[in-house]
Amino acid sequence: MLSVPHPSARLVPVACALSAVLALAPCALASPTAANTTISADAQTTADVSWDERGRLVLGAADALAALETLPEDSPAAVSWGEGGSRTGWFGQAWMDVDGDGCDTRNEILARDLSDVDFSREDGTQGLDAGRGQGAAVCPDATVWSGTLHDPYTGATIAFQRGQDTSDAVQIDHVVPLNYLYAHGAWAWDERQRLLVANDPLNLLAVDGAANQDKSNCGPATCPAGSTETGTWTAATGPGWWPDDVGYRCEYARRFVSVAAAYNLGLPDADADALRTALTDCAAGGNGAVSVPERVRRVGARVGRTVLSNRVYTLVCAAGALLIGLGLLARGRAALRAAGGKRPPRPRPSHRGR
């Protein structure tokens, strides 16, 4: 996921007033099965499917729970990823054609996740064959010009239309965000492994653009925040993020752990605990959803984190608080003037009992 300002910033005015096997991934060793089939990584390893089919290598709830317990300890980055060039510096340009098939990752994920896909500039919905040679330079034979997304994060149905002003309605999310990956171990990986995880179909989903912005760089319970330059860097601070669509919570938790396991990524304790709680509920037949009070707490913490991690917002809020204080003081003085500036008389002491 691209690094963008956290959408909680939109709430600030209100708040102020108030793994090694992946090096072989591009090799296709087996014919794909149905696209909507989920494969247990225990039953079929990454070496058994092509790169484009890796999106189906999602662990079941019980297997994800077991994999969670085998992850290494968290290895937090000492400095923020801006020190090494942020997204491009650490993970390469978006979106690379890592498997060398002539099509960039973004178009491949759109083609996988959208329905009613149109591959041609011609009127009407045209299939892949009709679109060959009509695409953009990044994917001349399979550019996705339009389609329909049934968003996994919100449950909404979104019409996608390729274009400068319309493409952002559907974005490609890194389930385990790139900044999060960097913050918890990818800072020590080699360039090839970082490039792979940034383009791995297992770690990518086409989602509602606004939901993607809201998620930002967060895991289930923590987010990397701040920067070394401003002295605000922390690899893990609350409250984290979960999809709004309760029906997708289990799939999200399973996919998050599947990516972490595939790349041997350590997780902060808070994220591991949140995933463990959700997956335990999922394995028992539940939906893995957090409670409403917990969701409210997370939203409040997210706004607070946005304010504190940005000097401008902090100054704006401080100025707002000062103005509110001065306003209250002025009102108090005005009330005193309206009352003639006199204090109410003190009650005389009682002489009873003398």
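Structural remarks
- Top-ranked residue in the range 71-92 [being of a type in the set (A, V, I, L, M, F, W, C) and part of a loop (DSSP other than H, G, I, E, B); ranked as farthest from Thr237 (Cα to Cα)]: Leu71
- Enumeration of residues in the range 253-266 that are out of contact with any strand residue (DSSP E or B) (no Cβ under 9 Å at 6 or more places or on another chain) and crowded, with 22+ Cβ neighbours inside 10 Å: Ala253, Arg254, Phe256, Val257, Ser258, Ala260, Ala262, Tyr263, Leu265
- Filter result for Asp48 (out of contact with any strand residue (DSSP E or B) (no Cβ under 6 Å at 6 or more places or on another chain), at pLDDT below 95 and among the acidic types (Asp, Glu)): yes
The values are calculated or read from the model by the stated rules, or taken from the named source; none is laboratory data. Keep in mind the model is a prediction, meaning the values are calculated, not measured. Positions of Cβ are generated from backbone atoms using ideal geometry, with glycine treated the same way; all protein chains shown enter the neighbour counts.
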